[in-house]
Each structure stands twice: as structure tokens, then as C-alpha cells.
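Values in this text are rule-based calculations from the coordinates and carry no lab data. Just so we're clear, the structure is a prediction, and the values are computed from it rather than from any experiment. Positions of Cβ are backbone-derived with ideal geometry, glycine not excepted, and every protein chain shown enters the neighbour counts.
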Amino acid sequence: MVSGRAIISVKGIKTVMQIAVLLGVAGLLVYGAAGADYTDRQDVRDYMMELRREYGFNKLELEEVIGSARRRQDVLDLIARPAERTLEWWEYRRIFLREATIDQGLEFWAVNEAILERARDRFGVPAEYVVAIIGVETRWGRIVGRHRVLDALMTLAFDYVPRAEFFRRELTQFLLLAREEGKNPLDLKGSYAGAMGYGQFIPSSYRSYAVDFDGDGLRDIWSNESDAIGSVANYFERHGWKDDGPVVVKVDVASGQTSVVDAVANKGITLGHTVDQLQALGVSVGDLPGDAKAALFRMGLEQGHEYWLGLNNFHVIMRYNRSPLYALAVHQLGQAIKQRRVALTAAR
């Protein structure tokens, strides 16, 4: 932090870059000219003033960083039509439940078996769910995002009205992250929503849940598989994952009760009913505990639909991504990889 310290003229120092190095703010080193469009906007200048006042950012360094940001129309286009809102379950599922994807998940598990076992021991999260999350998010590091995070977050914070407040908070978290971790904010790339690394953590999640799982003093979710695995498992544990607890169960609905059941299905991530309450509405719940909190989801098939009962651990997955399509894809991919692994082990 360089709170209260101003950039001054120093003999022999020719650039803001060199001054920033001397002041120990490697995370805010910048490349590119100041004075880009965003720094001309009053709302952005007010925001920068707030950052300086609350977090001690240096005025000139902050202007260099923000001035290097570019508005990205492709980011605005992408956030307007996420796959979770436009696809039915059967379409969404086939994106992730492919033979090649399962094979890649098996390979990742094999390479990182010891790390996954250590994460299970420490955080209580089964390997198949950590593997599946990283697979759904980035194909195990193959697709980590092509957007410069600074550009994405600036665009969403100041040009995407529906969630501007949320993304402005994430932009602040990103700038703090860069300063704390010694990262150049112009170098970091991620998704169109500003998510980063193997597990696609948004900046606030990184600052809250990323861990140094190999003890090297860094929380590197970008290139260190150990830290990425530990961070995902820590996220799950911190959000209430119950070791060996049920996740989601496919259920049937009594004949003539579909309209009643549909009225309570797909109501967000909250576990708003008990198993007993849903059973009373006509949902066949098997031998699940009657007092267990649950939510019902109606999933569209190519022809017709099916019902799934999400329980505590399903809710935890939806804390990672609020879509039930996402959570069910993670569950099914994890189970498919686990079953393939067990079968291959038995065949040896």
C-alpha cells in the first residue's frame, strides 16, 4: 500500500514504471498510455477517488491502470446470453458429458491423485467434485479465458447497468488482489465476467477462499494445480459441504400432481422445503430424511422433462454457480469420471 505517498520527481527515473517499482507496488505496474476513455468519465473519476480514500491507492498509478482499460462490447454481448439461460438441460448436459471430457477428467485425477486425496482429508470434499468443477470451468486448465480481466470488470462495472454495483465491487477486489499478490493487473486474463484460473474464481472469491496448498507462499490458481485444487475444496468446505452427504436425487412425481409440483420447482438456489413437504405434494423421495432441507428442479429433456431433488451439497455447488443446470452437470460429470476410474481400476 502506498497510502499518503505521492509520485515525485526522482533524479534518474524516467518513467512511472520505474517509480512504481521503487515504491513497492509491483501489482500496479502498467503498460500503455493514460488518458483512455474511462478516465474522462466523472463516475469513473469518482470511483478512483473512493479507491484512493478507502484503500490508499496512489492517484497517478491508479490513473495509469484505469486509463489502460478498454470497453469491450463482446463482454456485454456475452453476459446478456449465458448458456445457463438459453439452453435446456439436455442441451447443456451434452456440452460436458462427452467421452473425451471424461477421459480428460480421468487424466487430471491420475496426475493429481495425491493432491486430491490430501484435499479430501483436509476439507472433506470428494475428489470427483473438485475434478468436475475444474473440468466444467476450464477443461482442466485448457480454457481459462481470453479476456483481460481489467477490461471485463471495467466494462461491466460502468457499462452494464443491471449488475454494475456487483461488478464495481469485484473490480475493487481485483485491484486489491493485484496489489496484495504482486500481480500486474494488465496481465491477468479470464472469463468475460472476470473469473480467473483453473477454478474460475472471481476476485472476491480469490481473496476469501484461495489457498496456498503446496506451501510455497503463493496462492497461484492460474498455473499451480495444487493451489487450484485446494482452493476449490476450501470454497466448498467454507460454504457448508457435508462429507458423504447426499447431493441430488432423481425423483418421480405422482400422477396428476405435476401442476402442483411445478409451482414449487426451479425457485432459485434456496432450499425452501423439507423432504417431507415435497413428499406431501406428490414427490417420491425414497428414504431421504424427512427433515432434510431440499429444493426441486424441473429439467427439460429433448422430449419431456425430469425432476431432481437438490439437497445441501447441491446447494453448495450452486453457491459456485447459481444455475441448477451447472450444478447437475458438475454432479453427473463427477460421477461419470469416478465410475470410469473405478471400472478401469477393477479391470487391471
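For this structure, a couple of remarks:
- Pairwise centroid distance, computed over Cα atoms, of the stretch 168-237 with the stretch 241-319, Å: 33 Å
- Selected from 299, 347, 328, residue furthest toward positive end of dipole (the stretch 248-347; charges at beta carbon): 347
- Extending 7 Å from the Cα toward the beta-carbon at both residue 277 and residue 54 defines two label points whose distance is 3.6 nm.
- A compact globular protein would have a Cα radius of gyration near 2.2 N^0.38 Å; the ratio found for the chain is 1.13.
- Residue among 160, 248, 145 farthest towards the positive dipole end of the chain, charges placed on Cβ: 160
- Scattering curve values for the stretch 37-162, log₁₀ I(q)/I(0), Debye with Cα scatterers, q = 0.17, 0.22 Å⁻¹: -0.94, -1.17
- Residues 267, 293 arranged by fewest to most Cβ contacts within 10 Å: 267, 293
- Ordering of 186-192, 239-245 by packing [mean C-beta count within 10 Å, highest first]: 186-192, 239-245
- Exposure proxy ranking, count of Cβ atoms within 10 Å, fewest first, for 251, 232, 65: 251, 65, 232
- Extension gain (nm, one decimal) between residue 189 and residue 214, 0.36 nm per residue minus Cα-Cα: 6.7 nm
- Translational D in µm²/s for the stretch 204-279 (Stokes-Einstein at 20 °C, 1.002 mPa s, Kirkwood Rh from C-alpha pairs): 136 µm²/s
- Farthest positive-ward along the chain dipole, Cα basis, beta-carbon charges - from 192, 51, 109: 51
- Debye, to nearest 20: dipole size of the stretch 248-347, +1 on Lys, Arg Cβ, -1 on Asp, Glu Cβ: 500 debye
- Note on the chain: with charges restricted to the Cβ of Lys and Arg (+1) and Asp and Glu (-1), its dipole about the Cα centre is near 660 debye.
- Helical runs assigned H by DSSP (4 residues or longer) give the chain a calculated mean residue ellipticity at 222 nm of -15500 deg cm²/dmol, each run adding -39500 (n - 2.57) before division by the residue total.
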